[in-house]
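Notes follow once the structure below has been shown.
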């Protein structure tokens, strides 16, 4: 699995904690910025860079961090077939993968402490779509996913 990582200035400290987690666990990733907090990139610049590369298949998953996670999520979700979810808990991060098949976890550097953010990143990166769900729910979500794809075709 190849992961993209990005933040604006407000998410920089949390991004750095997650960067250390990824490095320490041998997870392949690219840091697409902000690299130097003295020269920050805005969420509106980082999110398109990451979401476009997730959309193309260059990255399997991504983690984006701004002040609240909302800005990154809004911009990343403008890309067809890209699903970005702003989360504030380990449970939400896990379910974003298991239920929604989200490829991008968005977090808020003003909201999520580094230790919690690392746990959220771990849950997001180690959970597969439909993992640990009941058979009836897997069937229902598979059908729902097809419906969402059809909806995307009419909107994009």
(message) Regarding the stretch 85-99, can at least one residue be identified that is closer than 19 Å to residue 10 by Cβ, modelled with pLDDT of 95 or more and part of a loop (DSSP other than H, G, I, E, B)?
(response) yes
(request) Could you figure out which of (1) in contact (Cβ under 8 Å) with a residue 60 or more places away in the chain; (2) at negative phi isn't true of residue 137? (result) (1)
(request) Could you list all residues from the stretch 104-127 that are closer than 13 Å to residue 73 by Cβ and surrounded by 24 or more Cβ atoms within 10 Å (Cβ to Cβ)? (result) 104, 105, 106, 107
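Can you go through 22, 32 and tell me which one is touching a residue at least 40 places away in the same chain (Cβ under 8 Å) and either over 17 Å from residue 72 (Cα atoms) or in contact with a strand residue (DSSP E or B) (Cβ under 9 Å, 6 or more places away or on another chain) (or both)?
22
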(request) Considering each residue of the stretch 113-137, count those that are touching a helix residue (DSSP H, G or I) at 6+ places or on another chain (Cβ under 6 Å) and either part of a helix (DSSP H, G or I) or closer than 22 Å to residue 46 by Cβ (or both), and give that number. (result) 8
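Being in a helix (DSSP H, G or I) and buried (at least 23 other Cβ atoms within 10 Å of the Cβ): is that true of residue 4 here? Walk me through how you get there before you give the answer.
Values: in a helix (DSSP H, G or I): no; buried (at least 23 other Cβ atoms within 10 Å of the Cβ): yes.
So residue 4 does not fit the description; no.
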(request) Name the one entry in 33, 6 that is at pLDDT below 95 and touching a helix residue (DSSP H, G or I) at 6+ places or on another chain (Cβ under 6 Å). (result) 33
(request) Would you tally the residues in the stretch 7-28 being in a strand (DSSP E or B) and surrounded by 20 or more Cβ atoms within 10 Å (Cβ to Cβ)? (result) 1
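The values are calculated or read from the model by the stated rules, or taken from the named source; none is laboratory data. Predicted, not measured: the structure shown is a model, and the values here were computed from it. Note that we place each Cβ from the backbone using ideal geometry, even for glycine, and neighbour counts take in every protein chain shown.
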